[in-house]
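K.L.:
Submitted below is the structure of interest, expressed as structure tokens.
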Amino acid sequence: MDADELLATTRAVRRRLDPSREVPIELVRECVELAVQAPAGSNVPRTRFVVIRDPAVRTAVAEIYSDIYTNSYVESAGYIGRVATADAASAEVQRRTGRSADALERALHEVGTLVLACLDGARLDGVPAFASASLLGGVLPATWSFMLAARARGLGTCWTTMHLAREREVAELLGIPFETVQQVCLTPLAFTSGPPCVPRSTRSCTGTGGTPTSRVPRPSPA
């Protein structure tokens, strides 16, 4: 798989996660080792990865996610399945994406590996956007690199933040120092099933002078 194919086919995988195949810890280490090579602001890497494989701890984290998802998120205006769209076709894609997100809530209880990306050394609650964009934004390249490395090894991932509504509880569960380490993203890590993802058709997203002119079509839910 070349770099262009990797970038064009890495998706948020929800329904196609295959919990029946255990992910070797060696592959997890390879993904982390590649992820920490990502660029970092001021050349100070602050991203840390917590790999959760203990069944009892993993289940506890999944239960927190599920409780927030089923008792708060699904009935909220921001639920992915009811996001307003411009036409009937887009609305159907959004409904399918909602079903895909519902499947992820169940899958988190089944996959053998969860990975939590964190910002080490700071909490940014209530700080100006400049600081949060600089520091929390610094976690993004490493996490995306982790997901690309996983895809290159036949593994699926999905960026989630649902558990952050109860971040302190998760910190206590995992032994993460809440005052100095901020959680950013939780992703499942599993082999995938079904047909491979393919690049989707796109149109140019910019016009003359960089003015946005169109939206990239949404992919089918994975």
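K.L.:
Does any residue in the stretch 45-58 that is touching a residue at least 12 places away in the same chain (Cβ under 8 Å) come within less than 6 Å, Cβ to Cβ, of a residue that is hydroxyl-bearing (Ser, Thr, Tyr) six or more places away or on a different chain, and which pairs are these?
P.N.:
As it stands, the answer is 53/113, since those pairs meet every condition given.
K.L.:
Testing residue 48 on (1) farther than 28 Å from residue 119 by Cβ; (2) in contact with an Asp or Glu (Cβ under 7 Å, 6 or more places away or on another chain), one condition comes back false. Which one is that?
P.N.:
The number of the failed condition is (1).
K.L.:
Give the number of residues within the stretch 161-174 that are open to solvent by 10 Å² or more (accessible area, probe 1.4 Å) and under 13 Å from the mean Cα position of the chain (by Cα).
P.N.:
3
K.L.:
Please find, within the stretch 113-153, the residue that is most open to solvent (accessible area, probe 1.4 Å) out of those that are aromatic (Phe, Trp, Tyr) and within 15 Å of residue 34 (Cβ to Cβ).
P.N.:
Selected residue: 144.
The values are calculated or read from the model by the stated rules, or taken from the named source; none is laboratory data. Keep in mind it's a predicted model, so treat the numbers as computed, not measured. Cβ: placed from backbone, ideal geometry, glycine included. Neighbour counts: every protein chain shown. These area figures cover heavy atoms from the full protein model, side chains too; ligands, DNA and RNA do not enter into them. Shrake-Rupley method; radii C 1.70, N 1.55, O 1.52, S 1.80 Å.
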